[in-house]
Every structure is written in structure tokens, then in C-alpha cells.
Amino acid sequence: MARNAAVERKNLITVCRFSVKTLIDRSCFETIDDSCSEFTNFAAILEQVLTHRLKGQVNWFGFESPRSFWDFIRVACSKVPHNCISSIENMENVSSSRAKGRAWIRVALMEKRLSEYISTSLRDIKTTRRYYEDGAIVLGEEANMLAGMLLGLNAIDFSFCLKGESLDGNSHAVIDYTPYLKFTQSSESISSDEEELRTLGSGSEGSTPENLGPQFITDEHSWYNKCKRVEQKFRLALEQKGYLEELVRLREAQLAESVAQNKIVRQRMEEMDLNHKLEKEQLEFIILELQDQLHSFQSLEQLSAEISLSSTSLDPLHPQKEGEGRHENSKSDGKEDTPSLLGLCGSLTSMTSYKSLTSLKSSECLASPNAEINSPGLTPF
């Protein structure tokens, strides 16, 4: 029983690895969609792997009903960031649990996250043991191989339609083992078969050239099959060569376009650097001019202040201020004003003296009041 379970797990993992390789090879020549037989086989194999030894669901009456792998994926992959579980659940045309699981496989492949979903679900050991029995593939050492295998599918661009017969949840997935059961006869076995045919032909009595016909026919068919195989390999290599050449031409065109864009960007950067240098030089020149103007303004202000001070000191219309200055100087020297000086000042500043000065000016006896005040021979009235 243990041997049968081990052989079953080994067969499913091996077939899954073959299907992934054929799917990658097929993607080099055409877009992978639901019409591709390699993908149909891969989806059936993956469904069988995820359903291997899956526990049934026990209802209220104690009966066990079959369960789909979607029930496990829905719980185990809910912790994946930005997952597609809710979008699968809300699909209108997908109602059954098996159809939702098949839709999830297609969406995960288009998102290039199938390996991420599988590895995340396998790390949840508690949930995995709750849904699978002992001896299941997802609980064995083959689970790590499965996640590593599916990583290569991220390089393929898938295009699926999530409507139609491909998501039918009523029928079971059937695996086609024929593409993986190719038997190639070695050269040693071919030579041994030819020797055996020759021995049988020489040992038979009355052998004629007609009796050697099947041997020649067999040889002819074997060479024909060899030529066919070589021709198929040549066509495959020729198609791959054409695909690679087209890919190289595309990459060369993209490289030339990138080089041209890079050249344009470099020219723009050089022009911008030159403009920045010119602007910097202009700004420095403007700053120097402003500094020179500021220094000139300061020197003009100082000169104007000095001129104003000198003009104030030489202005004859400010005798009172000069007298006040002298008065302050006399006070600072500690000298007291005599009564005769006070009377003299009072007579000079009185209204009668001012009138007399005006009458004198009118009679042209006095040139100006300031001159008469400053003359030493003038006596007040």
C-alpha cells in the first residue's frame, strides 16, 4: 500500500514536470490559451495533484461528500497580499467549487503568481493537514519540487477566457499520458534486431530473395522513420532559429531606439547645464553691480550728511542756535550770567527793541538787524 502511494506521487510529479517543460517549449511559438492541448493537459495534471488524497466534507448526518481543492486554496491563500480569491468568489458564471478552482488556476497563471500561491498554501501546515490525508503530495517532500517547477511558468504570457466549457465543473479532469510516453529505440537494439533477422534468414532452408522482402521493408521503414524524426527536429530547430532571430531583431531595434533617446537626453542635459552656467554668471554679475551701487549710495549718503552739517554750521539764519550753543558752553564752563547781560538780552528780544530796529531799517540807518546786533558800537534803546 505504501509502495503504491509512493509510486502514484512520483508519477504525478514526473508528469507535471514534463507538462511544464512542454508548455514552456510551446510558448516559444504561439500564445497559450484554452485551445492549447499542452495547457489543457497541464491544468488536468495540476488539478489531480491538488486533489490527491483530499479529505471529504462531513455533513450533519455523518456522510462524507467529495470536496474540491478550491476549498483548501480559498482558505490557505487568503493571507497572500493582493490575492484574487474574492474576485473568483464573485464571478457570476462560475458557481461550482470545481469550476472556481479551475478559474483560479487560469487567473493565477495570467497574474504570474501561481508558484507564489502554491508555496504560501504549502507553508500553512495546519490548514494543509486539516484538508489532506497522510501520504498526500502536498504533505510530502514532493511539495517543494512542485513549487519550484511552477516558477518557470512566470515567463509565459497566458491569455484565457473565463467563460465556456473549459470551466465546466461537472466533468473530471482527464490526463493524456501519450505525449510523455515516447519510446526511442537505441542504436544497439536496432543492430541486434538486424543480426537476429539475418540469422533467421540464413538458417531457413530454401530462402529466396522474396523471403528477404520483409527485412528490406523493415529496414526501409526504420530509415524512413529516422528521416522523419530528423526532419521534425530540423523543422523545430528552424522555427526556434527564426523565433530567436526575430527576437534579436526586436531587441536590436529597441536598443537602437534606447540609444537614440539616451543621446537626445544627453544633449538636453548639456544644453541645460550650459544655460545654468550662463544664468549663474549673469546672476553673479548682477550681484556685483548691486554691491557697487550699494557702496556708492552709502558714500553719497555720508557725503550729503557732511554737506548738510557744514551748511548748518555756516548758515547765518541760525544765530539763536549758535547763541544757545554758546550759552550752553558758558554754563558748562561754570560762569554765571550778570544782570547787565541779562538786561541786554532782554532788551534785544523785547517788542520795543524790535520795533525800533524796524524803524531804523526803514530809515535806512541800519542795513540788517543781524548786522546791527553784531556791531559792537550799537547801544540798545
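Test of understanding: among Lys182, Lys100, which residue is charged (D, E, K, R), at pLDDT below 85 and either closer than 30 Å to Asn225 by Cβ or assigned to a helix (DSSP H, G or I) (or both)?
Lys182
Per-residue answers, yes or no, for (1) assigned to a helix (DSSP H, G or I); (2) under 30 Å from Thr22 (Cα atoms); (3) at pLDDT below 50; (4) in contact with a strand residue (DSSP E or B) (Cβ under 9 Å, 6 or more places away or on another chain):
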| position | (1), (2), (3), (4) |
| --- | --- |
| Ser207 | no, no, yes, no |
| Gln215 | yes, no, yes, no |
| Val230 | yes, yes, no, no |
| Phe234 | yes, yes, no, no |
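Assess whether Ser19 counts as being hydroxyl-bearing (Ser, Thr, Tyr), surrounded by 15 or more Cβ atoms within 10 Å (Cβ to Cβ), farther than 20 Å from Lys100 by Cβ and touching a residue at least 12 places away in the same chain (Cβ under 8 Å).
When the stated conditions are applied, Ser19 passes them.
Can you confirm whether Leu122 is farther than 16 Å from Arg17 by Cα, hydrophobic (A, V, I, L, M, F, W, C), open to solvent by less than 50 Å² (accessible area, probe 1.4 Å) and more than 36 Å from the chain's Cα centre (by Cα)?
No; evaluated as a whole, the condition is false for this residue.
Hydrophobic (A, V, I, L, M, F, W, C), closer than 30 Å to Gln240 by Cβ and in contact (Cβ under 8 Å) with a residue 12 or more places away in the chain: which single residue out of Leu54, Leu109 fits that description?
Unique residue meeting the criteria: Leu109.
Restricting to segment 26-52, count the residues that are part of a loop (DSSP other than H, G, I, E, B) and crowded, with 16+ Cβ neighbours inside 10 Å.
Of the residues in that region, 3 qualify.
Is it fair to say Glu89 is open to solvent by 30 Å² or more (accessible area, probe 1.4 Å), over 31 Å from the mean Cα position of the chain (by Cα) and either modelled with pLDDT of 90 or more or not basic (Lys, Arg) (or both)?
No; evaluated as a whole, the condition is false for this residue.
Six or more apart or on different chains, Cβ atoms under 7 Å: show the pairs whose first residue is in segment 244-261 and among the aliphatic types (A, V, I, L, M) and whose second is open to solvent by 100 Å² or more (accessible area, probe 1.4 Å) and modelled with pLDDT of 90 or more.
Listed by first residue and then by second, the contacts come to nothing, as the list is empty.
Going through Ile137, Ile156 one at a time, which residue ends up being surrounded by 21 or more Cβ atoms within 10 Å (Cβ to Cβ) and of a type outside the set (Ser, Thr, Tyr)?
Ile137
The values are calculated or read from the model by the stated rules, or taken from the named source; none is laboratory data. No experiment lies behind these values; they were computed from the predicted model shown. FYI the Cβ positions are ideal-geometry reconstructions off the backbone, even for glycines, and counts take in every protein chain you see. Areas reflect the complete protein model, heavy atoms only, side chains present, ligands, DNA and RNA absent. Shrake-Rupley method; radii C 1.70, N 1.55, O 1.52, S 1.80 Å.
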